[in-house]
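Structure first, commentary second.
The values are calculated or read from the model by the stated rules, or taken from the named source; none is laboratory data. Here the structure is a predicted model, which is why all the values come from computation and not from measurement. Counting neighbours? That spans all protein chains shown, and the Cβs are built from the backbone with ideal geometry, glycine included. Calculation scope for accessible area: heavy atoms of the full protein, side chains included, ligands and nucleic acids excluded. Shrake-Rupley method; radii C 1.70, N 1.55, O 1.52, S 1.80 Å.
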Amino acid sequence: MAENALAYAIHDKFPVTDGHVLVIPKRHAENYFSLTQDELVACDGLLRQLRDDIENQDSSVKGFNIAMNAGAVAGQTVFHCHIHLIPRRSGDVDDPRGGIRHTI
């Protein structure tokens, strides 16, 4: 989908919403806290680019969740850092207040 020198983006195989994508560093890093500053900047650049692309392609998208799991007790099952960019639309859940807090 998108790529820069240090990271790339793919569609999530099990999307939470239509347009759900993953930003993944090219170098193996177990989780977010293993990324270098340059990798953080590269991943952020892709997140922003993808956000713009998604909003330009789908006017129903009104917000996003950005999520990642770090460690098995936090739900991490793939031990290579990946950042979820999840497009949100009005009415996709009954009450969106609290965002990701509803996953616990």
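Observations, loosely collected:
- Model label points for V93 and Q49, set 7 angstrom from Cα along the Cα-to-Cβ axis, are 2.9 nm apart.
- Length gained on full extension, N56 to K13: 13.2 nm, using 0.36 nm per residue less the C-alpha separation.
- In sequence order, segment 13-28 has phi-based couplings of 5, 10, x, 7, 9, 4, x, 4, 10, 10, 9, 10, x, 6, 6, 5 Hz under the Karplus curve 6.51 cos²θ - 1.76 cosθ + 1.60, θ = phi - 60°, and Gly or Pro positions carry x.
- Relative packing of peptides 16-27, 59-70 - highest average C-beta neighbours within 10 Å first: 16-27, 59-70
- Accessible surface calculations at 1.4 Å, restricted to protein heavy atoms, place segment 24-104 at 66 Å² per residue.
- Across the chain, the mean sequence separation of Cα contacts (distance under 8 Å, 6 or more residues apart), normalised by length, yields a relative contact order of 31 percent.
- Mean separation of Cα pairs under 8 Å and 6 or more residues apart, divided by the residue count, gives segment 3-54 a relative contact order of 41 percent.
- The fraction of accessible area contributed by carbon and sulfur in segment 1-77 is 52 percent, rounded to a whole number (1.4 Å probe; ligands and nucleic acids excluded).
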